[in-house]
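Colleague: Quick one: the structure is below, and I'll ask about it shortly.
Just so you know, all these numbers are worked out from the coordinates, no wet-lab data involved. What you see is a predicted model, and the numbers here were worked out from it, not measured in a lab. Cβ placement follows ideal geometry from the backbone for every residue including glycine, while neighbour counts extend to all protein chains displayed.
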Amino acid sequence: MAKQHYTLTVNGEQRDVLCEPRELLIHTLREQLDITGPHVGCETSHCGACTVEINGKSVKSCTVFTAQANGADVTTIEGLGSPDGLHVLQEKFREHHGLQCGYCTPGMITRAHRLLQENPNPTEEEVRFGIAGNLCRCTGYQNIVKSILAAAAEMNAAKEAAE
């Protein structure tokens with residue numbers, strides 16, 4: 001199958017790639033663009049380790065062809081913060097021990113980011129439902145939920161202070 005050119009905006013930067021139409025976005029991100037935050041987990045959309053945002057929606061990048069993302073705005077964990085300035089979710093995951101091995105963490109934080117965009121003040125039940133498509137085999141979820149709720153509280157307080 002012939003390779004084709006596609007253009008994606010990844011973490012705010014326009015990127016051109018050359019790949020087969022059947023190449024999965026997770027492989028393009030990791031192997032061509034050296035964006036290794038999203039992880040290859042189950043490759044069946046069950047675990048959520050590969051979660052990214054595409055045009056403002058949470059998507060498991062192991063189920064999306066790069067061709068389908070042509071022209072799209074893609075955000076990965078790398079687009080949410082940096083070592084010099086962590087996103088509040090990243091900081092709260094660190095502070096509240098919302099991670100152990102860290103394998104699911106990039107997808108979990110990326111999903112939590114979209115969840116908080118959609119519902120800035122979720123209840124514990126809404127957080128649990130909102131991250132249900134992202135699996136963690138280490139933490140038991142309690143500290144993940146605590147981290148997300150703490151991030152929501154801080155983000156809401158910052159928003160109120162700015163108004």
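Colleague: Taking only the alpha-carbon positions of the stretch 24-86 and ignoring solvent, what does the Debye formula give for the base-10 log of I(q)/I(0) at q = 0.17, 0.28, 0.30 Å⁻¹?
Modeller: Once normalised to I(0) and log-transformed, intensities are -0.52, -1.30, -1.42.
Colleague: Taking the number of other C-beta atoms within 10 Å as the exposure measure, put R111, R137, R30 in order starting with the fewest. Spell out each step's value before the answer.
Modeller: On the way: R111 25, R137 11, R30 19.
In order of increasing Cβ crowding within 10 Å: R137, R30, R111.
Colleague: Around Q68, what is the net charge, scoring Lys/Arg as +1 and Asp/Glu as -1 over all other residues with Cβ under 15 Å from its Cβ? Write out the running numbers ahead of the final one.
Modeller: Working: positive: R22, K57, K60; negative: E20, E23, E53, D73.
Charge balance near Q68 sits at -1.
Colleague: For the stretch 11-59 and the stretch 101-161, what is the separation of their C-alpha centers, rounded to whole Å?
Modeller: Each part's Cα centre sits 21 Å from the other's.
Colleague: Between N55 and A158, what is the label-to-label distance in nm when each label sits 7 Å out along the Cα-to-Cβ direction?
Modeller: Taking the simple label geometry, N55 and A158 are separated by 2.8 nm.
Colleague: Separate question: Given H placed on each backbone N at 1.01 Å, which residues far from R15 in sequence or on other chains put an amide H within less than 5 Å of it?
Modeller: Result for R15 returns L8, T9, V10.
Colleague: While we're on this one: What percent of all Cα-Cα pairs in the stretch 64-163 falls in each 5 Å bin, counting up from 0?
Modeller: 2, 13, 22, 24, 18, 11, 7, 2, 0
Colleague: When DSSP beta bridges are limited to those with both residues in the chain, what percentage is antiparallel, rounded to the nearest 5? Display every interim value, and only then the final one.
Modeller: Values: 15 of 17 bridges.
Among the beta bridges of the chain, antiparallel pairing accounts for roughly 90 percent.
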